[in-house]
Amino acid sequence: MILVTGGAGYVGSHCVLELLKNAYDVLIFDNLSTGHIETVKTLKKFGNVEFIKGDLLDEKLIMNAVSGRNIDAVLHFAAYSQVGESVVNPQKYYINNVCGTLNLLKAILENDVKKIVFSSTAATYGNPKYVPIDENHPQEPINTYGRTKLFIEKIMDDYDKAYGLKSVRLRYFNVAGANSDGKIGEWHDPETHLIPNILKSTFGNRKTFEMFGDDYETKDGTCVRDYINVEDLAKAHFLALKYLENGGNTDFFNLGTKEGNTVKEVFSVCEQVVGKSIAVDIKPRRDGDTTILVADNTKAKKVLGWSPEKSLHDCIETAYNWEKILANKNPQK
Ligand code: UDP
């Protein structure tokens, strides 16, 4: 059985679905602070899923969850992930992300579970010194969120040396899209990400889409990001798990497409998918936004045998499909 912390959230739930498709039994441990019970119910239809509503800060609960079961490996997603909030309220982020992980690692090591795939981020690199960013790029995060993830990576290195914990840290770039069958998708409240915000603005009397800055030094003045499809990302987690099962050593990989798209390019694909022009309000730059972030994904391709298959258009099409489902669930938001 695989323990998936944060399995009711956006990336976690897509990874649970991938595990179920590959006949794994899954234990989801999630406090539902940002995840959704409806997502867990949907996942249960696709295989053997056990669910514990719990918080990693509850040391006893996670210890009992692991010791009472036959856990082979862990996929660890449970974390707060809003960059802006992390800077305003760092204590919330350090306690939840770092202390929560320490409790999780204690529980698994006491039960002799020594394989973990960790949801890390391109935010651990900070402002790029060069692009595309490879895994040797210095890790100098510029916000608390990125630092929590970097500290956890370092803790995992120490635990490998001392206790033999084998970890794979997957550093995501901009995750986008939804399950292609419309079963699950991105469901944040509040939503801060580009693609869902553009798409949400097209429903009824929603807020006009705000574009943060068109005076960057890029081909059209807007920031460049590397949008990686969430189903492609889920496949990478499955391959990382296989890598550890086959005796792989602790390692870390970028997950991105090696392609950059500007905000205006993304906006224009959204208009194509929605089939109409979308209103836009040009705003000043958003604090903390880096001009260009693109992944060098050569290492993940070579070592994990992973290859992203879906296009930006696929991401936006599936995201739109999901937004229509969400709009029906909750017409007010
Ligand atoms: N962005 C925007 N309007 C929004 C949300 C995002 O213009 O409502 C821009 C943002 O300034 C950045 C890009 O879209 O240049 C990607 O932002 P997102 O929050 O999706 O991901 P990030 O790169 O910050 O992790």
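Looking across the range 195-211 at every residue that is surrounded by fewer than 16 Cβ atoms within 10 Å (Cβ to Cβ) and in contact (Cβ under 8 Å) with a residue 24 or more places away in the chain, the one that is farthest from the ligand (Cβ to nearest atom) is identified as 204. Can you tell me how many residues in the range 279-332 are aromatic (Phe, Trp, Tyr) and within 16 Å of the ligand (Cβ to nearest atom)? Final tally of qualifying residues: 2. May I ask you to verify whether residue 269 is more than 15 Å from residue 317 (Cβ to Cβ), within 16 Å of the ligand (Cβ to nearest atom) and at pLDDT 95 or above? Here the answer is no, as residue 269 does not meet what is asked. On the basis of being modelled with pLDDT of 95 or more and of a type in the set (Asp, Glu), does residue 289 make the cut? Spelling it out, it is not the case that residue 289 is modelled with pLDDT of 95 or more and of a type in the set (Asp, Glu). Taking first residues from the range 144-168 that are surrounded by fewer than 22 Cβ atoms within 10 Å (Cβ to Cβ) and partners that are among the basic types (Lys, Arg) and at pLDDT 95 or above, the Cβ contacts under 6 Å between residues at least 6 apart in sequence or on separate chains come to 153/169; 164/114; 165/114; 166/114; 166/115. Across the range 88-145, the number of residues qualifying as under 25 Å from residue 56 (Cβ atoms) and outside any strand (DSSP E or B) comes to 35. When residue 140 is tested against (1) surrounded by fewer than 16 Cβ atoms within 10 Å (Cβ to Cβ); (2) on the phi > 0 side of the Ramachandran plot, just one condition goes unmet, and that condition is (2).
Which one of the conditions (1) over 25 Å from residue 118 (Cβ atoms); (2) in a helix (DSSP H, G or I); (3) charged (D, E, K, R) does residue 302 fail to meet, given that it meets all the rest? For residue 302, the failing item is (1). Inspect all residues belonging to the range 242-250 and state whether any of them is closer than 21 Å to residue 14 by Cα, of a type in the set (Asp, Glu) and surrounded by 22 or more Cβ atoms within 10 Å (Cβ to Cβ). Within the range 242-250, none of the residues are closer than 21 Å to residue 14 by Cα, of a type in the set (Asp, Glu) and surrounded by 22 or more Cβ atoms within 10 Å (Cβ to Cβ). The set of residues in the range 160-194 that are near the ligand (Cβ under 9 Å from one of its atoms), over 30 Å from residue 249 (Cα atoms) and either of a type outside the set (Val, Ile, Thr) or modelled with pLDDT of 95 or more (or both) comprises 191, 193, 194.
For the range 212-233, name all the residues that are among the polar types (S, T, N, Q) and surrounded by 22 or more Cβ atoms within 10 Å (Cβ to Cβ). Residues satisfying the conditions are 222, 229.
The values are calculated or read from the model by the stated rules, or taken from the named source; none is laboratory data. Since this is a predicted model, take the numbers as computed values, not measurements. Note that each Cβ is placed from the backbone with ideal geometry, even for glycine, and that neighbours are counted across all protein chains shown.
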